[in-house]
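Novice: Quick one: structure below, then a few questions.
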Amino acid sequence: MYVRDAKNREEVWLLDHIEAMGLDETAFRSRDYVVAVDEASSEKAGFGRIRIHKTEESDRCELTSIGVLEPWRRQGVGGHVVERLVEKAGDQGFETVYALTSAADYLSQFGFRGVTTDDLPEKLRERLDAKRENIDPEAVGMTVGVDAFSMPDRLRERFKHARAQEPEPEPDESAEDFGIDTESATYKYDTGS
């Protein structure tokens with residue numbers, strides 16, 4: 001398992017999964033994304049994005065649209081996507097990154113801390129309002145210094161051994177599960193008259 005920059009040809013795949021997960025696709029550009037890929041099968045497992053907000057005083061870096069496909073969840077994939085995004089932000093000269101999300105508990109394990117709305121830069125306050133209105137009503141501001149980010153060892157180990165998990169099989173449902181007595185039931189649309 002590794003995380004790499006997204007390729008232009010993955011645009012449709014990204015947009016499909018962003019939509020399916022109800023994530024933010026505002027100002028979509030595939031080159032802003034990273035993708036987690038299984039080395040053995042080349043199967044894509046997760047993704048995330050850096051979004052740069054340009055301002056007159058200084059640019060701000062937001063991590064957004066982070067998603068992990070169901071069979072790959074709880075295996076450290078999301079953490080490694082976040083780690084790669086933070087590294088990428090550092091490579092672009094950012095010392096601090098922001099996230100606007102309702103997954104504050106998840107991000108706090110990496111060193112992110114909450115930021116009050118008033119303490120967010122103006123562009124990010126506007127983004128937070130829009131996100132709350134359109135995508136994530138419970139979103140809050142989070143921030144971490146690029147040098148303060150840390151990956152818990154347990155997630156690093158899970159990521160090393162990540163494998164797509166088989167989905168739980170749907171239970172077979174019978175007529176009895178719905179309170180239908182198969183001995184006395186007649187046709188589906190029988191009105192009993």
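Novice: Scanning the stretch 70-96 for residues that are aliphatic (A, V, I, L, M) and out of contact with any Gly (no Cβ under 9 Å at 6 or more places or on another chain), which turns out nearest to H161 (Cα to Cα)?
Specialist: Of the stretch 70-96, the ones aliphatic (A, V, I, L, M) are 77, 81-82, 85-86, 89.
When the remaining residues are screened for being out of contact with any Gly (no Cβ under 9 Å at 6 or more places or on another chain), the result is 86, 89.
On the way: V86: 22, A89: 27 Å.
Among those that are aliphatic (A, V, I, L, M) and out of contact with any Gly (no Cβ under 9 Å at 6 or more places or on another chain), it is V86.
Novice: Within the stretch 120-142, take every residue that is part of a loop (DSSP other than H, G, I, E, B) and hydrophobic (A, V, I, L, M, F, W, C) and give me the one that is nearest to K54 (Cα to Cα).
Specialist: L120
Novice: So, one more: Considering (1) surrounded by 13 or more Cβ atoms within 10 Å (Cβ to Cβ); (2) touching a residue at least 12 places away in the same chain (Cβ under 8 Å), say which one R74 fails and leave the rest.
Specialist: So the condition that R74 fails would be (1).
Novice: Another question about this same structure. Would you mention how many residues in the stretch 1-56 are in contact with an Asp or Glu (Cβ under 8 Å, 6 or more places away or on another chain), in contact (Cβ under 8 Å) with a residue 60 or more places away in the chain and among the aliphatic types (A, V, I, L, M)?
Specialist: Qualifying residue count, the stretch 1-56: 3.
Novice: Scan (1) touching a helix residue (DSSP H, G or I) at 6+ places or on another chain (Cβ under 9 Å); (2) surrounded by fewer than 14 Cβ atoms within 10 Å (Cβ to Cβ); (3) over 21 Å from D32 (Cα atoms); (4) not small (G, A, S) for the single condition E95 breaks and write down its number.
Specialist: Among (1) touching a helix residue (DSSP H, G or I) at 6+ places or on another chain (Cβ under 9 Å); (2) surrounded by fewer than 14 Cβ atoms within 10 Å (Cβ to Cβ); (3) over 21 Å from D32 (Cα atoms); (4) not small (G, A, S), E95 violates only (3).
Novice: Here's something else I'd like to know. Going through the stretch 70-84 one residue at a time, which ones are of a type outside the set (D, E, K, R) and either under 14 Å from Y33 (Cβ atoms) or in a helix (DSSP H, G or I) (or both)?
Specialist: Across the stretch 70-84, the qualifying residues are P71, W72, V77, G78, G79, H80, V81, V82.
Novice: Follow-up question, since we're still on this one. If I ask for residues that are among the aliphatic types (A, V, I, L, M), modelled with pLDDT under 90 and under 16 Å from F110 (Cβ atoms), which ones from the stretch 138-169 would you list? Let's see the steps before the verdict.
Specialist: Our first condition is that a residue be among the aliphatic types (A, V, I, L, M); within the stretch 138-169, this holds for 139-140, 142, 144, 146, 148, 151, 155, 162, 164.
The next check asks that each one be modelled with pLDDT under 90; those that pass are 151, 155, 162, 164.
Those that are among the aliphatic types (A, V, I, L, M), modelled with pLDDT under 90 and under 16 Å from F110 (Cβ atoms): M151, L155.
Novice: In the stretch 86-109, how many are more than 15 Å from the chain's Cα centre (by Cα) and in a loop (DSSP other than H, G, I, E, B)?
Specialist: So the answer is 5.
Novice: Next up: Being in contact (Cβ under 8 Å) with a residue 12 or more places away in the chain, of a type in the set (S, T, N, Q), more than 22 Å from F159 (Cβ to Cβ) and surrounded by fewer than 21 Cβ atoms within 10 Å (Cβ to Cβ): is that true of Q109 here?
Specialist: So Q109 fails the test.
Novice: Still on this structure, please answer the following. I need every pair where a residue in the stretch 143-160 that is in a helix (DSSP H, G or I) has its Cβ under 7 Å from the Cβ of a residue that is acidic (D, E) and at pLDDT 85 or above, sequence separation at least 6 or different chains.
Specialist: Qualifying pairs under 7 Å: V146/E95.
Novice: For H53, indicate whether it is at pLDDT below 90 and in contact with a strand residue (DSSP E or B) (Cβ under 8 Å, 6 or more places away or on another chain). It would help to see each step written out before you state the result.
Specialist: Numbers: at pLDDT below 90: yes; in contact with a strand residue (DSSP E or B) (Cβ under 8 Å, 6 or more places away or on another chain): yes.
Spelling it out, H53 is indeed at pLDDT below 90 and in contact with a strand residue (DSSP E or B) (Cβ under 8 Å, 6 or more places away or on another chain).
Novice: Further question: Check whether at least one residue in the stretch 63-70 is surrounded by fewer than 24 Cβ atoms within 10 Å (Cβ to Cβ) and over 12 Å from the mean Cα position of the chain (by Cα), and report yes or no.
Specialist: Checked against the condition, which is being surrounded by fewer than 24 Cβ atoms within 10 Å (Cβ to Cβ) and over 12 Å from the mean Cα position of the chain (by Cα), the stretch 63-70 yields no hits at all.
Novice: Filter the stretch 112-122 for residues that are touching a residue at least 24 places away in the same chain (Cβ under 8 Å) and surrounded by fewer than 17 Cβ atoms within 10 Å (Cβ to Cβ); which is nearest to R4 (Cα to Cα)?
Specialist: R113
The values are calculated or read from the model by the stated rules, or taken from the named source; none is laboratory data. These numbers were taken from a predicted model, which means no experiment stands behind them. Reconstructed Cβ throughout: ideal geometry from the backbone, glycine too, with neighbour counts over all protein chains shown.
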